[in-house]
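Here the structure comes first, spelled out in structure tokens, and everything after it is commentary.
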Amino acid sequence: HEYQVADVGGDFVLRTNWLAKNFRIIRVAITEVQKREKWLDVLATRNAVFVQDFDVFKDAVVVSERSGGLMRIRVKSWDGRRDTLIAADEPTYVMEPEWTPDFRSRTLRYCYSSLTRPNSVYDYDMASGSRRLLKTESVAGHFDMANYRTEYLHAGSRDGTKIPVSLVYRKDTLRDGSAPLYQY
């Protein structure tokens, strides 16, 4: 049994793989934690989603999850009114929450980057769902992300497994098979 624990008031919140191959998030009174029948799903296990990590706040739980090869950030309020995936600007990206030391904070800070966007830091208001760009790393030279496009595809393998493929190319690149390709 693998698990992570955080406390929120008189309750424990656990990321657990008990009856959940891809993990789930549960909440239980601290005095009842040994009684698994008392565990309440905050975020149930899902076959196509791996629960990577979580952080608790006074009003919400923030969950890092992986689905289809991409990392996502889910913000779920304790009262059940909000269950939101933070939107990504590109089809292929990396998104990770930063540690927030203030349990009462209504703001989540996270890092975001893609094949066309340098590492950027955002503040996300968990109550309103709005976000604010704080900074973007500069890129030397004459880089302009508007000159590039990204795609997120899946290639089939011999055994039928879908393999995620991230593409990046200049938007003026001919898409007729004549352009060179660097595959990594």
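The values are calculated or read from the model by the stated rules, or taken from the named source; none is laboratory data. From a predicted model like this one, the values you see are computed outputs, not experimental measurements. Glycine gets a Cβ as well: all are built from the backbone with ideal geometry, and neighbour counts include every protein chain shown. Ligands, DNA and RNA are excluded from the accessible area calculation, which covers all protein heavy atoms including side chains. Shrake-Rupley method; radii C 1.70, N 1.55, O 1.52, S 1.80 Å.
Brief remarks follow.
- Asp144 meets all of the listed conditions (1) closer than 30 Å to Asn47 by Cα; (2) free of Cβ contacts under 8 Å to residues at least 12 places away in the same chain; (3) of a type in the set (Asp, Glu) but one, namely (1).
- Residues that are among the aliphatic types (A, V, I, L, M) and under 20 Å from the mean Cα position of the chain (by Cα) occur at least once in segment 130-147.
- Scanning segment 107-129 for residues that are open to solvent by less than 30 Å² (accessible area, probe 1.4 Å) and acidic (Asp, Glu) gives a single hit, Asp123.
- Failed criterion for Val94 (all others in (1) in contact with a Cys (Cβ under 9 Å, 6 or more places away or on another chain); (2) of a type outside the set (Phe, Trp, Tyr); (3) farther than 30 Å from Ser120 by Cβ hold): (3)
- Options Val139, Val168; residue that is β-branched (Val, Ile, Thr), part of a loop (DSSP other than H, G, I, E, B) and open to solvent by 60 Å² or more (accessible area, probe 1.4 Å): Val139
- Test: residue in segment 55-69 that is farther than 22 Å from Asn119 by Cα, loosely packed, with under 12 Cβ neighbours inside 10 Å and modelled with pLDDT under 95: no
- Among the residues examined, Ala155 qualifies as exposed (fewer than 10 other Cβ atoms within 10 Å of the Cβ), among the aliphatic types (A, V, I, L, M), under 23 Å from Ser67 (Cβ atoms) and over 19 Å from the mean Cα position of the chain (by Cα).
- Test result for Arg132, open to solvent by 80 Å² or more (accessible area, probe 1.4 Å), in a strand (DSSP E or B), among the basic types (Lys, Arg) and without any contact (Cβ under 8 Å) to a residue 12 or more places away in the chain: yes
- Output for segment 159-184, where each listed residue is among the polar types (S, T, N, Q) and either more than 18 Å from Arg117 (Cα to Cα) or touching a Cys at 6+ places or on another chain (Cβ under 7 Å) (or both): Thr161, Thr173, Ser178, Gln183
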